[in-house]
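Read the structure below first, then the notes.
The values are calculated or read from the model by the stated rules, or taken from the named source; none is laboratory data. As the structure is a prediction and not an experimental result, all values here were calculated from the model. Here the Cβ positions follow ideal geometry from the backbone for every residue, glycine too, while neighbour counts run over all protein chains shown.
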Amino acid sequence: MNLLHSSDFFPSCSAPVVIEPREPQQAFPEHHHDFYEIVIVEQGAGVHVFNGSPYTLNSGCVCFVRDHDRHLFEQTDGLILTNILFRAPDAFRFLSGVEQFLPRERDGIYPAHWRINQQVLQQVKQLIALLMKAPAGDQPEEIALHESWFMQLLVQLWRGCMARQSDDQEGRLHQLLDWLQSHYAEQIEWSELAERFAIPLRTLHRQLKSHTNMTPQRYLTHLRLLQARHLLCHSDSSITDIAFRCGFGDSNHFSTLFKREFTCPPRALRGLR
């Protein structure tokens, strides 16, 4: 596994934050680094495998990566993102309390993925444009200004994450996407979900496709197949058991869909372990 070093990304020891655009982000093998990272997804789709677990990315996703986390990108489809690199929450010269606006691990669970709406995304992009210019030299006022822009960005992300709990239609759609990420294996009736999240069924279909570039049923199948592939690589459960655990009623149908998605049958993937 690759280790990325801060010395290869930060131009000087005084640079508190570095911006690394990826337009587009290609598939990238598993790695970790000796700095922290915030990933802002602007367009496209892909899969972020974070500490061994897959998470589907689309516009408005925000990913927080610590210096000991393992992650990789795969199945990228026009994925445009910006990486915001910083040395550590306590490594700033003028800022304190940065960790207040970062995800907090509780009971061994680290909520690394957030969602923000398009309005917040545009506000964040304006701050990223300011952060693109690193401080010139070691002037305290320039470093302080640069750090203040970073804090503004964190606050915007924090507020944006809180806004996904709002009762407007976009907030309810984000809640639905988060719900599907955790309940993909359940029997899904889209009309019932539309009622549950108070989104008209036709609007649900249209907005889910707009956010994911897939129809709702195709997106659900995608989530199930991602988790099945993870279990094939990291468990000793049988292929049939994995198929049922991931929401597929028939293991033969599962194998057909799996091969169509990943170009190899489940049994071949297991043979690579």
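Filtering 193, 157 for residues that are part of a helix (DSSP H, G or I) and touching a strand residue (DSSP E or B) at 6+ places or on another chain (Cβ under 9 Å) leaves a single hit, 157.
Would you call residue 167 modelled with pLDDT under 90, assigned to a loop (DSSP other than H, G, I, E, B) and out of contact with any strand residue (DSSP E or B) (no Cβ under 9 Å at 6 or more places or on another chain)? Taking the combined requirement at face value, the residue satisfies it. Checking the conditions here, which among 95, 72, 85, 121 is under 13 Å from the mean Cα position of the chain (by Cα) and in contact (Cβ under 8 Å) with a residue 40 or more places away in the chain? Result: 72 is the single residue among 95, 72, 85, 121 that is under 13 Å from the mean Cα position of the chain (by Cα) and in contact (Cβ under 8 Å) with a residue 40 or more places away in the chain.
Entry remark, segment 228-273: residues being assigned to a loop (DSSP other than H, G, I, E, B) and over 23 Å from the mean Cα position of the chain (by Cα) number 13 in total. With respect to the conditions (1) crowded, with 19+ Cβ neighbours inside 10 Å; (2) outside any loop (DSSP other than H, G, I, E, B), residue 130 falls short on a single one, namely (1). For segment 218-233, taking the residues that are modelled with pLDDT of 90 or more and more than 14 Å from residue 186 (Cβ to Cβ), the one that is surrounded by the most Cβ atoms within 10 Å (Cβ to Cβ) is identified as 228.
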